[in-house]
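Chemist: Please see the structure below; I have some questions.
The values are calculated or read from the model by the stated rules, or taken from the named source; none is laboratory data. Keep in mind it's a predicted model, so treat the numbers as computed, not measured. FYI the Cβ positions are ideal-geometry reconstructions off the backbone, even for glycines, and counts take in every protein chain you see. Side chains are part of the model used for accessible areas, which takes the heavy atoms of the whole protein and leaves out ligands, DNA and RNA. Shrake-Rupley method; radii C 1.70, N 1.55, O 1.52, S 1.80 Å.
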Amino acid sequence: MDPERFLQVLRRQPKAPMSLPRLMEEAGVPPRKEKEAKRTLKSLVRKGVLERERGRRYRLSRAGQDVEGRVLVDRKGRAFLSPNQESGQRSQLPLVYDDSLRPQHQDRVRAERVQLGRQRRTVARLIEILDRPTMRHVGVLERQMGADFVQLDARPQPQAGMKVRPSTEVLILPGQRNGAEIGDLVEVEFEPAPDGHSMPVGQIKEILGRPGDRETEMRKLLIEHELDRPFPPAVVKEAEAFGTSPRPEDITGRKDARHLGLVTIDGETAKDFDDAVWAVREGKNYRLCVAIADVSHYVRLGTALDDEAYRRSTSTYLTDRAIPMLPEALSNGLCSLVPHEDRLCMMAELLVDETGRVRDARFHRAVMRSKARLTYTRVAKALDGEPDDECRELLPTLLVLAQVSRKLQERRLRRGAVDLDLPEPAIVFDEEGHPIEAVRRPRNDAHRIIEDLMIAANEAVARHLLAHEMPALFRIHEDPDPERLSTFVQLCESLGLQVRIGDPATPADISRLLLQLSEHRNGKALHQLLLRSLAQARYAAENKGHFGLASTAYLHFTSPIRRYPDLVVHRVLKQLVDDEPSWYSEERLDEMATHCSDAERKAMLAERASLDLDRTLIAEKLVGEHLPGVITGVQNFGLFVQTVEPFIEGMVPIQTLPSDYYEPDPYGASLRGVNSGAMYTLGDSIEVQVAKANVARRQVEMHLVEASSPPRRRPEPRATASRGRRPPQRDEPRRGRKPKPRHRKTKKRR
């Protein structure tokens with residue numbers, strides 16, 4: 001079979017892998033010639049012309065292409081390249097290098113894809129080290145054989161997607177303890193090792209406190225995620241120099257929107273208010289105004305304030321504190337849309353019809369004055385017929401906002417937008433700041449109103465900039481990885497769900513699947529797994545659409561106080577309003593997109609670590625107690641469980657389950673005892689006992705309460721087992737197959 005017919009098809013979509021049936025269909029090969037097609041494709045793979053991916057998917061070889069990413073080092077000291085998402089490479093690659101370039105964990109590097117050996121194994125050959133982050137080290141001071149050591153913490157560093165090398169001991173020379181006592185958690189700074197020392201040497205830089213103490217662990221978390229650095233004095237001084245109110249010359253030439261009934265709606269503990277909304281009915285249409293704090297008026301390019309904002313790129317919200325992108329004088333002061341104060345803003349004025357379509361969009365530099373600082377809880381009560389005095393006066397506006405929101409949401413869902421309404425944990429603290437309870441974060445109609453209005457404003461700005469060919473930072477969400485999605489579909493089918501998804505999958509396919517999951521007893525547990533099978537949203541200089549929102553153009557415009565990409569969009573929009581050329585080149589925007597996406601992922605990891613810490617501290621007080629829970633994950637080493645109240649997570653190790661040989665389902669749907677037939681399945685309700693809470697590692701161990709949680713049973717055993725498995729008997733035949741005859745090996749005659 002002529003291989004060129006396949007190559008022509010793949011050249012039309014060089015970055016997209018294609019399944020065998022689709023490739024044969026596109027190439028005009030009939031199904032009866034499938035074996036011949038396989039032989040031809042296998043030959044092309046052997047020659048290095050094509051790559052074969054899991055799931056019988058083929059694509060043009062990427063050998064010789066450059067790829068950028070982060071270096072990850074596993075516990076055996078082997079280096080891997082974790083590519084940037086925009087590189088198109090989704091999996092980690094072994095990294096090869098010579099002695100002239102020795103990469104370290106978390107280095108940002110550029111490498112070349114090459115294929116080695118007879119098996120054409122794809123690896124990354126290191127070309128250059130682009131950036132080497134300053135690594136800060138935390139550990140516990142110990143004393144062994146008369147010498148002081150710091151046992152470095154073995155937790156993965158931010159962005160590590162795999163197990164890292166084991167703990168390392170750092171020798172502390174005499175006189176370098178700086179007042180630390182044995183057992184203290186400390187930060188250690190490496191120093192050049194004196195002659196005769198083969199192990200790392202350092203001095204103690206800071207004493208953090210005693211391990212397990214919450215404030216000590218929070219300080220460790222801040223160091224781990226590089227969040228403990230204060231604003232430089234020059235940056236604080238620059239922010240405070242603007243004063244507390246806009247100057248008359250700042251207001252000149254702006255649209256006066258101070259007469260509009262704009263209000264802010266945020267959480268009870270929020271301190272920075274960067275968006276305000278107002279709407280009115282005009283015949284069959286709605287006029288919606290979304291006002292966003294004009295941060296770009298104060299944070300100018302080339303200033304120390306802008307450099308620091310770019311370095312941080314995002315605010316990070318831990319359970320008990322916020323690490324802001326901007327100094328407090330701006331984030332909580334001059335740029336915050338506090339009530340009854342003049343504030344500079346960028347306003348999106350949208351005309352929305354009865355079908356939820358935005359028929360017209362205009363954008364202005366404006367000055368506004370918020371009429372009230374409302375909260376989600378108060379607005380939700382007002383919409384339910386229980387307004388307080390302030391909300392009662394604003395109720396006509398709130399009702400129109402709710403109508404506009406509903407129209408926008410209905411239109412978005414009709415086009416197939418994915419609505420993953422997953423429960424999020426929230427921590428409740430006592431008066432002294434100690435975590436006492438983990439609950440599900442409340443979500444009501446007021447949350448949805450703000451969410452819908454912000455999405456509409458973001459889309460309107462994106463379409464406006466694209467129509468005028470202005471470069472910007474877009475928020476993109478690429479199509480799901482076909483392999484991951486296929487695995488998820490197989491998992492659903494193993495649970496009895498008949499799932500149909502197109503190739504390629506569309507947002508409408510995912511929406512239908514979510515509706516199907518909501519009616520299944522395992523649906524809630526499957527929602528989180530579905531989220532993992534989707535790509536992660538990121539920033540990019542090129543508009544590629546947003547799969548989850550089923551949007552052809554999307555960006556972030558509505559939160560410039562806490563996100564740097566929004567600040568960039570404001571600057572570009574102002575240039576368009578003022579009819580000026582763009583300040584940003586495509587190359588610069590590409591660089592900014594990578595930096596801001598990395599910063600966002602670091603912030604997410606820090607926020608997750610903060611939640612894990614406080615949930616572990618709550619679990620520590622519950623050791624020995626029995627709690628109802630749900631199985632949210634199944635692995636060959638145990639079960640992941642989420643308890644109902646309090647809302648914490650833990651793991652049931654396989655060694656603690658009733659004595660048996662356990663076998664995981666190939667798709668991660670269940671764990672089955674080979675002898676007993678006991679089944680532990682994703683989504684099952686069980687009762688667990690909190691056994692251990694390791695605060696330093698932020699991990700909770702749980703044990704199954706067997707008497708109150710009888711496992712479901714399936715009588716028919718399966719053929720093979722996994723970890724902790726029953727070894728198959730020597731002469732035992734597999735089910736449905738005849739035993740193969742065993743032959744004695746003999747020496748081959750020459």
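Chemist: Would you work out which of H595, L529, A382 lies farthest towards the positive end of the dipole of the chain? Charges go on Cβ: Lys and Arg +1, Asp and Glu -1.
Modeler: Most positive-ward Cα: L529.
Chemist: Points 7 angstrom from Cα along the Cβ direction at R359 and H468: gap in nanometres?
Modeler: 2.3
Chemist: What part of the accessible area of the chain, given as a whole %, is carbon or sulfur when the probe is 1.4 angstrom?
Modeler: Whole-percent figure for carbon plus sulfur exposure: 48.
Chemist: Gain in length, R132 to L116, computed as 0.36 nm per residue apart minus the alpha-carbon separation, to one decimal in nm?
Modeler: Once the chain is fully extended between R132 and L116, it gains 3.0 nm.
Chemist: Nothing charged except the Cβ atoms of Lys and Arg (+1) and of Asp and Glu (-1): what's the magnitude of the dipole of the chain about its Cα centre? Round to the nearest 20 debye.
Modeler: With only Lys, Arg, Asp and Glu charged at Cβ, the dipole is about 6120 debye.
Chemist: Order 261-270, 300-309 from most to least packed using the mean count of other Cβ atoms within 10 Å.
Modeler: 261-270, 300-309
Chemist: Compute the whole-percent fraction of alpha carbon pairs in the stretch 360-400 spaced more than 17 Å apart.
Modeler: 40
Chemist: Residue separation times 0.36 nm, minus the C-alpha to C-alpha distance between V439 and A322: what's the value?
Modeler: Working it through step by step, the gained length comes to 40.2 nm.
Chemist: Still on this structure: Based on alpha-carbon centroids, what's the gap between the stretch 441-464 and the stretch 560-591 in Å, whole number please?
Modeler: About 21 Å separates the Cα centre of the stretch 441-464 from the one of the stretch 560-591.
Chemist: Any chance you could run the full-extension gain for F429 through V201? It's 0.36 nm times the residue separation minus the Cα-Cα distance, nm to one decimal.
Modeler: 78.0 nm
Chemist: Also, quick follow-up: At a probe radius of 1.4 Å, what is the per-residue accessible area of T216, in Å² to the nearest 10?
Modeler: 10
Chemist: Under a point spin-label approximation (7 Å from Cα along Cα-to-Cβ), what is the A147-L399 distance to one decimal in nm?
Modeler: Here the answer is 7.9 nm between the modelled labels.
Chemist: For the stretch 219-304, compute Rh as the Kirkwood radius over C-alpha pairs and then the Stokes-Einstein diffusion coefficient at 4 °C and 1.567 mPa s; write the answer in µm²/s, rounded to an integer.
Modeler: 76
Chemist: Using alpha carbons only, how many angstrom separate the centre of the stretch 222-299 from the centre of the stretch 13-40?
Modeler: Distance between centres, Cα-based: 55 Å.
Chemist: On to the next question. Provide Rg and Dmax in Å for the stretch 512-620, with only Cα atoms included in the calculation.
Modeler: Reported Rg and Dmax, both Å: 18.8, 60.
Chemist: Ok, one more. I'd like the FRET efficiency for R300 and E483, computed as 1/(1 + (r/R0)^6) with the beta carbon distance as r and R0 of 41 Å, rounded to 0.05.
Modeler: In this case the efficiency is close to 0.35.
Chemist: For the chain, what is the accessible area per residue in Å² when the probe is 1.4 Å?
Modeler: Result: 51 Å² per residue.
Chemist: Return the equivalent ellipsoid semi-axes of the stretch 309-395 as a descending list in whole Å, where each equals the square root of 5 times an eigenvalue of the C-alpha gyration tensor.
Modeler: So the three semi-axes of the stretch 309-395 are 27, 22, 16 Å.
Chemist: Going from the alpha-carbon gyration tensor of the stretch 363-433, what semi-axes, largest first and in whole Å, does one get by taking the root of 5 times each eigenvalue?
Modeler: Whole-Å semi-axes of the equivalent ellipsoid: 25, 23, 16.
Chemist: How do 632-639, 172-179 rank on mean C-beta neighbours within 10 Å, highest first?
Modeler: 632-639, 172-179
Chemist: Calculate the tail of P(r) for the stretch 467-521: the fraction of all Cα-Cα distances greater than 16 Å, expressed in %.
Modeler: The share of Cα pairs beyond 16 Å in the stretch 467-521 comes to 51 percent.
Chemist: Could you order the peptides 662-668, 586-592 from most to least packed, using the average number of other C-beta atoms within 10 Å per residue?
Modeler: The most tightly packed comes first, giving 662-668, 586-592.
Chemist: If you average the C-alpha positions of the stretch 604-652 and of the stretch 537-554 separately, how far apart do those two centres end up, in angstrom?
Modeler: Cα centres, the stretch 604-652 to the stretch 537-554: 33 Å.
Chemist: Tell me the volume per residue, in Å³, of the convex hull enclosing the alpha carbons of the chain.
Modeler: 245
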